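Encoded as structure tokens, the structure appears first; notes follow it.
The values are calculated or read from the model by the stated rules, or taken from the named source; none is laboratory data. As the structure is a computational prediction, the values presented were derived from the model and not from experiment. FYI the Cβ positions are ideal-geometry reconstructions off the backbone, even for glycines, and counts take in every protein chain you see. The area values use the complete protein model at the heavy-atom level, side chains included, leaving out ligands, DNA and RNA. Shrake-Rupley method; radii C 1.70, N 1.55, O 1.52, S 1.80 Å.
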Amino acid sequence: MEKFDIYSAPLEIERRFLIEYPDIDALRSMPGYRVKHISQTYLKSDGDFVGGRIRRVVEDGRTSYVYTYKERLTDMTRREYEREISFEEYSELMNYKKQNTVTIEKDRHIFSFAGLVYELDIYDFWSDKASLEAEVDSEDVEIPVPPCVTLIKEVTGDRRYNNSRLAVNRGVIE
């Protein structure tokens, strides 16, 4: 794994919401709609290895692999280092899978509303709810709720809803 400078990585500011299980047809009618299937695995830190996550992403019949490392700055803001990796590197990194976690399987529905791009994740372990997130330019930006979703609550600062925690608890919120 190549070394990277997390301090030069771009900032990611996002808000996250728990929503009721959505109407897929309503999602498909949203501007800019597309969907991708994501298999997401968290990696352990081991010696010089810094951990992070890897993804296998399938969209429109094309498969890609991505390595990501994030550094949390606040509940909403992180530095995010991300790069595409080869299948061989992905396979090698799977050897560093964090113990006692599962690979998260989710369908990510992406669409636009009110000038923002939304990512709505439907997980294989939930049948009654999903998550919705939007990246913004600052932490004080209000997020308009798209008409195709029913908001349960905002979970931006609630770490129980982080994917890394869901990978440990297999979707059970404690």
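Could you check how many residues of segment 69-91 are closer than 14 Å to G52 by Cα and modelled with pLDDT under 95?
10
Out of all the residues in segment 62-109, which are hydroxyl-bearing (S, T, Y), within 24 Å of G157 (Cβ to Cβ) and open to solvent by less than 40 Å² (accessible area, probe 1.4 Å)?
T68, T77, Y81, T101
What are the pairs, 6+ residues apart or on separate chains, where a residue within segment 13-39 that is farther than 24 Å from D137 by Cα and of a type in the set (D, E) has its Cβ under 9 Å from a residue that is open to solvent by 20 Å² or more (accessible area, probe 1.4 Å) and part of a strand (DSSP E or B)?
Hits for this filter: E20/K129; E20/L151; E20/I152.
With respect to S112, determine if the residue is of a type outside the set (D, E, K, R), surrounded by fewer than 16 Cβ atoms within 10 Å (Cβ to Cβ) and at pLDDT 90 or above.
Yes; evaluated as a whole, the condition is true for this residue.
What's the total number of residues in segment 165-174 that are of a type in the set (A, V, I, L, M, F, W, C) and part of a helix (DSSP H, G or I)?
Initial filter on segment 165-174 (of a type in the set (A, V, I, L, M, F, W, C)): 166-168, 172-173.
Filter once more, keeping what is part of a helix (DSSP H, G or I): 166-168.
Residues meeting the conditions: 3.
Using beta carbons and a limit of 8 Å, which pairs, at least six apart or on different chains, have the first residue in segment 89-109 and touching a residue at least 60 places away in the same chain (Cβ under 8 Å) and the second one crowded, with 18+ Cβ neighbours inside 10 Å and in a helix (DSSP H, G or I)?
K98/A167; T101/A167; V102/A167; T103/A167; I104/L166; I104/A167; H109/L27
Here are some residues: E135, E59. Which one is modelled with pLDDT of 95 or more and either among the polar types (S, T, N, Q) or open to solvent by 40 Å² or more (accessible area, probe 1.4 Å) (or both)? Let's see the steps before the verdict.
Working: E135 fails: modelled with pLDDT of 95 or more.
Selected residue: E59, the only one of E135, E59 that is modelled with pLDDT of 95 or more and either among the polar types (S, T, N, Q) or open to solvent by 40 Å² or more (accessible area, probe 1.4 Å) (or both).
Looking at (1) among the polar types (S, T, N, Q); (2) part of a loop (DSSP other than H, G, I, E, B); (3) touching a Lys or Arg at 6+ places or on another chain (Cβ under 7 Å), which one does T41 not meet, given that it meets all the others?
The failed condition is (2).
I'd like to verify a number: residues in segment 125-164 that are within 14 Å of the chain's Cα centre (by Cα), part of a loop (DSSP other than H, G, I, E, B) and under 17 Å from K106 (Cβ atoms), how many?
So the count comes out to 2.
Is it the case, given these coordinates, that P22 is part of a loop (DSSP other than H, G, I, E, B) and surrounded by 18 or more Cβ atoms within 10 Å (Cβ to Cβ)?
yes
Out of all the residues in segment 143-159, is one or more within 21 Å of S39 (Cα to Cα) and open to solvent by 20 Å² or more (accessible area, probe 1.4 Å)?
Yes, segment 143-159 contains a residue that is within 21 Å of S39 (Cα to Cα) and open to solvent by 20 Å² or more (accessible area, probe 1.4 Å).
So which residues in segment 84-120 are in a strand (DSSP E or B) and either farther than 20 Å from P147 by Cα or touching a helix residue (DSSP H, G or I) at 6+ places or on another chain (Cβ under 6 Å) (or both), if there are any at all? Walk me through how you get there before you give the answer.
Filtering segment 84-120 down to residues in a strand (DSSP E or B) leaves 84-85, 97, 104-113, 116-120.
Within segment 84-120, E84, I85, K97, I104, E105, K106, H109 qualify.
When the residues of segment 160-174 are filtered to those that are aliphatic (A, V, I, L, M) and open to solvent by less than 20 Å² (accessible area, probe 1.4 Å), which remaining residue is farthest from E20 (Cα to Cα)?
Here is the first cut: in segment 160-174, the ones aliphatic (A, V, I, L, M) are 166-168, 172-173.
Then drop every residue that is not open to solvent by less than 20 Å² (accessible area, probe 1.4 Å), which leaves 166-167.
On the way: L166: 17, A167: 20 Å.
Only one residue tops the list, namely A167.
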